[in-house]
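*Asks:* A single structure is presented below for examination.
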Amino acid sequence: MEDSVGQKRNSREFTLVSVAELSSPASASPGIARFTSGGSVTQLQIHQDSHQIDIHVDPRAVQIFKLGPVQSICMVEGSVAHNQASFSRGISIQFRNEEESGAFDSVFQQWKKEGNAQGRNLPNGIIQSSKSKFDEKIEESSAKMYFHYYGQLLHQQNMLQDYVRTGTYYAAVIENRADFMGRVVVDVGAGSGILSLFAAQAGAKHVYAVEASEMAEYARKLIAGNPTLGQRITVIKGKVEDVELPEKADILISEPMGTLLINERMLESYVIARDRFLTPEGQMFPTVGRIHMAPFTDEYLFIEIANKALFWQQQNYYGVDLTPLYGTAFQGYFSQPVVDAFDPRLLIAPPMFHVIDFTKVKEEELYEIDIPLKFTASVGARVHGLACWFDVLFNGSTVHRWLTTAPGSPTTHWYQMRCVLSQPIYVMAGQEITGRLHMVAHNAQSYTIYLTLSTKMWGPGAEQGGILQTSSCKLDLKEPYYRMSQPQAYTLAQDQQQPPLLQTQDIPIQSQDLDEPEMMQEPSPNSRAQVNSLMQNI
């Protein structure tokens, strides 16, 4: 019995209606696809009756992409260089019916899985690692929770109903239809597939929607329900670090932004997709991101956080003295970044920004981000910490469009973020505030934040004085305090003038040396020349 089962396992053959090289579709003719196993050698054979195509390859050196119910593309690995596989041949295969196509896919996945488990060498002598680049830097439990979260429709709905987010993406794509018309697009972290559908609406030749979570199945269903657009979209379930595509992309589109722009570390996947899939002259939507920062004062927020620890000051809690843990609890509450929408009048100095150019930044540069801080206080106040938000630029050839999360602008699901100091510092109007924002990536898909703010001596003899006050804090971006309150009524101090609301579209883009922090200038109308200046100087 075992012998007969083994004999059956050694070969599986499928009749092909058509076999053709992608580079020469006119050469199509019938053929066969056969899986064979003998001893320690497993092979996939694709043979064309006209003998123009006859390949024998390890299934682990092949990627299969379904283009339709009965048609697939077989990408055959040619070599491995710099830890990245290059694919030397693309074979288009067509089956007699959908049932045989499905059976082929099932057999292929099973044989490939078994081959990886055995750890045999690929034909070129390289052992294929079963652990991807993503898995090497992200702990398994974090990745599992992350993909589970984004695999649920209710969370996708939350993002889709952020009309500032969704509407800006739609406008950026449709207004730049000339960039998408007839182009190949890769949607990185496609989620529900909404951006892929936008790209198809703009006339994309084909869109590859790459999604690693179970949301890929919902995306297929949504795209299939829009057949006019869906016929030009292929959903690929997998991580961008792992999947292979049958062709290079002219455009990458993605929504990789998290809290403070960098949370969840998806920007790294966006950059990896750029290096793997994008043509040298390709475009990225979004193109540039900016992290904005400014010191703030908010006595209400400070008292709210400090009061949380009062529970641990009880000396007789059911006969137990809780005070030994008070100090630890106090610092713990201040280690949480606060995510909410706040009144921009709480800012006590003009903001500065740090630029990340997605078209140029290296993946490794996102592992650790260090930003020198320098502000000039507009009013005298207690500085309770640093407020942060971000914006991104879609640098289309027709229209330049910004998506902003600035305070005073329409609220998004990202809100804004504030790092609150457990020891506030005092400043006078005109006094300089310096410091550093240092962010280090960790394997839970987020960052540890180290913030230091200092004020220098003020008044006569200041040139002989050094730092007067310094306050520091350490925060975990992974564990924020979601306050989510609307901006509270805020009474202006007597010496404080009401600043204009911050509008990203009105921020002038000027040439600047990004090694030194720059203060944002007074708002003025944006222009194409200003945006081009930004792109040339980052």
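The values are calculated or read from the model by the stated rules, or taken from the named source; none is laboratory data. Nothing here was measured: the structure is a model prediction, and the numbers come from that model. All Cβ positions, glycine included, derive from the backbone under ideal geometry; neighbour counts span all protein chains shown. In case anyone asks, the SASA skips ligands and DNA or RNA and just uses the protein heavy atoms, side chains included. Shrake-Rupley method; radii C 1.70, N 1.55, O 1.52, S 1.80 Å.
*Asks:* With a 1.4 Å probe and every protein chain left in place, work out the accessible area per residue of the range 142-260 in Å², rounded to a whole number.
*Replies:* Working: 4680 Å² over 119 residues.
That works out to 39 Å² for each residue.
*Asks:* Order the peptides 155-161, 173-179, 478-484 from the highest to the lowest mean number of other Cβ atoms within 10 Å of their residues. Working shown, then result.
*Replies:* Values: 155-161: 13.9, 173-179: 18.9, 478-484: 15.4.
Packing order, densest peptide first, comes out as 173-179, 478-484, 155-161.
*Asks:* Calculated FRET efficiency, Leu322 and Met159, Cβ-Cβ r, R0 51 Å, to nearest 0.05? Present the calculation step by step, with values, prior to reporting the outcome.
*Replies:* Numbers: r = 41 Å, r/R0 = 0.79.
The pair Leu322/Met159 has a calculated efficiency of 0.80.
*Asks:* Using only the alpha-carbon atoms of the range 182-227, report the extent along each of the three principal axes, biggest first, to the nearest angstrom.
*Replies:* Principal extents (Cα only, largest first): 29, 21, 11 Å.
*Asks:* Within 15 Å, Cβ to Cβ, of Ser27, how many net charges do the neighbouring residues add up to if Lys/Arg are +1 and Asp/Glu are -1?
*Replies:* Details: positive: Arg89; negative: Glu21, Asp49, Asp54.
Result for the local shell: -2.
*Asks:* Roughly what would the spin-label model give for Glu98 and Asp275, points 7 Å off Cα along C-beta, in nm?
*Replies:* 4.1
*Asks:* Over the range 306-375, what lengths in whole Å, largest first, do the semi-axes of the equivalent ellipsoid take, defined as the square roots of 5 times the eigenvalues of the alpha-carbon gyration tensor? Walk me through the intermediate numbers first.
*Replies:* Values: eigenvalues 317, 68, 21 Å².
After diagonalising the Cα gyration tensor, the semi-axes are 40, 18, 10 Å.
*Asks:* Ranked highest first by the average count of other Cβ atoms within 10 Å around their residues, in what order do 311-324, 433-446, 89-102 fall?
*Replies:* On the way: 311-324: 10.7, 433-446: 18.7, 89-102: 16.9.
Top to bottom by mean Cβ count within 10 Å: 433-446, 89-102, 311-324.
*Asks:* Still on this structure: Would you kindly give the portion of the calculated P(r) for the range 319-438 that falls above 24 Å, as a percent of all Cα pairs? Working shown, then result.
*Replies:* On the way: 3141 of 7140 pairs.
The answer is 44 percent, as a whole percent.
*Asks:* Once the Cβ-Cβ distance between Gln314 and Tyr426 is put in as r, and R0 is 35 Å, what FRET efficiency do you end up with, to the nearest 0.05? Write out the running numbers ahead of the final one.
*Replies:* Details: r = 32 Å, r/R0 = 0.90.
So the FRET efficiency works out to roughly 0.65.
*Asks:* Can you tell me which of 387-399, 279-291 comes out highest on packing, and rank the rest after it, using the mean Cβ neighbours within 10 Å? Walk me through the numbers on the way to the answer.
*Replies:* Values: 387-399: 21.7, 279-291: 19.0.
Answer by packing, highest mean first, reads 387-399, 279-291.
*Asks:* Between the range 256-282 and the range 205-228, what is the separation of their alpha carbon centroids in Å?
*Replies:* Each part's Cα centre sits 20 Å from the other's.
*Asks:* Using a Förster distance of 41 angstrom, determine the FRET efficiency expected from the C-beta separation of Thr228 and Asp370, and round it to 0.05. Intermediate results must be reported in sequence, preceding the final value.
*Replies:* Values: r = 49 Å, r/R0 = 1.18.
About 0.25, to the nearest 0.05.
*Asks:* Mind checking the alpha-carbon convex hull of the range 233-318 and giving the volume per residue in Å³? Before the final figure, lay out the partial values.
*Replies:* Numbers: hull volume 17.1 nm³, N = 86.
Each residue corresponds to 198 Å³ of Cα convex hull volume.
*Asks:* Working out 0.36 nm times the residue gap between Lys144 and Gln110, then minus their Cα-Cα distance, what length gain in nm do you get to one decimal? Please list the in-between numbers first.
*Replies:* Details: separation 34, 0.36 × 34 = 12.24 nm, distance 2.30 nm.
Gain on extension, Lys144 to Gln110, equals 9.9 nm.
*Asks:* Also, quick follow-up: Could you compute the net charge surrounding Thr259? Neighbours are other residues with a C-beta less than 13 Å from the C-beta of Thr259; K and R count +1, D and E count -1. The partial results should precede the final answer.
*Replies:* Details: positive: Arg265, Arg418, Lys478, Arg483; negative: Glu264, Asp340, Asp476, Glu479.
Surrounding charge for Thr259 is 0.
*Asks:* Here's something else I'd like to know. Over the range 323-473, with the other protein chains present, what is the accessible area per residue in square angstrom, probe 1.4 angstrom?
*Replies:* Details: 5490 Å² over 151 residues.
Here the per-residue accessible area is 36 Å².
*Asks:* What is the gain in length, in nm to one decimal, between Thr359 and Arg382 on full extension, counting 0.36 nm per residue of separation less the C-alpha to C-alpha distance? Kindly include the intermediate steps, with their values, before the conclusion.
*Replies:* Details: separation 23, 0.36 × 23 = 8.28 nm, distance 3.95 nm.
Full extension of this stretch gives 4.3 nm more.
*Asks:* Tally Lys and Arg at +1 and Asp and Glu at -1 over the other residues with C-beta under 10 Å from the C-beta of Tyr367: what net charge comes out?
*Replies:* On the way: positive: Lys137, Arg265, Lys362; negative: Glu268, Glu363, Glu364, Glu365, Glu368.
Every neighbour counted, the sum reads -2.
*Asks:* Send over the Kirkwood Rh of the range 168-301, from the inverse of the averaged 1/r over different Cα pairs, rounded to one decimal Å.
*Replies:* Numbers: mean 1/r = 0.0649 Å⁻¹.
For the range 168-301, inverting the mean 1/r across all distinct Cα pairs yields 15.4 Å.
*Asks:* I'd like the distance separating the alpha-carbon centroids of the range 298-354 and the range 424-453, in whole Å.
*Replies:* Rounded to whole Å, the Cα centres lie 16 Å apart.
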